[in-house]
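The values are calculated or read from the model by the stated rules, or taken from the named source; none is laboratory data. Remember, it's a predicted structure, so these values are computed and weren't measured experimentally. In this analysis, Cβ positions are derived from the backbone assuming ideal geometry, glycine residues included, and neighbour counts consider all displayed protein chains.
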């Protein structure tokens, strides 16, 4: 099982890197994003970290926390994980989940 990034998640990770680089430097940005990708690769084997997204229109979506971020994902038909979104824990998660649902329900 491997993790596949949706375009939205890919853009969010780029934004995370840019924000972290501006705030704490290139080395810290690289370390954080590298750790995030390592987390994606281990996530399929760490199912005890998975939680169902509660009362969300993202039916069947799951999430797991990585440091300051929440990773939203789904099982794909080929038994891979599809990374839908990576949101900072301080974001307006319910609002952002509605936006994510609109993107993926079209």
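Here are a few things to note about the model shown:
- Within the range 20-47, residues that are without any contact (Cβ under 8 Å) to a residue 12 or more places away in the chain and on the phi < 0 side of the Ramachandran plot sit with their Cβ atoms under 7 Å from residues that are part of a helix (DSSP H, G or I) and surrounded by 11 or more Cβ atoms within 10 Å (Cβ to Cβ), at 6+ positions apart or across chains, in these pairs: 21/29; 28/20.
- Hey, residue 41 closer than 23 Å to residue 97 by Cβ, surrounded by fewer than 18 Cβ atoms within 10 Å (Cβ to Cβ) and modelled with pLDDT under 95 or not: no
- Residue 102 falls short on exactly one of the conditions (1) touching a helix residue (DSSP H, G or I) at 6+ places or on another chain (Cβ under 7 Å); (2) loosely packed, with under 15 Cβ neighbours inside 10 Å; (3) modelled with pLDDT under 80, and that condition is (1).
- Considering each residue of the range 7-17 in turn, none proves to be surrounded by 14 or more Cβ atoms within 10 Å (Cβ to Cβ), in a loop (DSSP other than H, G, I, E, B) and within 12 Å of the chain's Cα centre (by Cα).
- Those residues of the range 65-81 which are surrounded by 13 or more Cβ atoms within 10 Å (Cβ to Cβ), touching a residue at least 24 places away in the same chain (Cβ under 8 Å) and not in a loop (DSSP other than H, G, I, E, B), in sequence order: 66, 69, 71, 72, 73, 81
- In the range 44-64, of all residues being assigned to a loop (DSSP other than H, G, I, E, B) and touching a helix residue (DSSP H, G or I) at 6+ places or on another chain (Cβ under 6 Å), the one that is surrounded by the most Cβ atoms within 10 Å (Cβ to Cβ) corresponds to 58.
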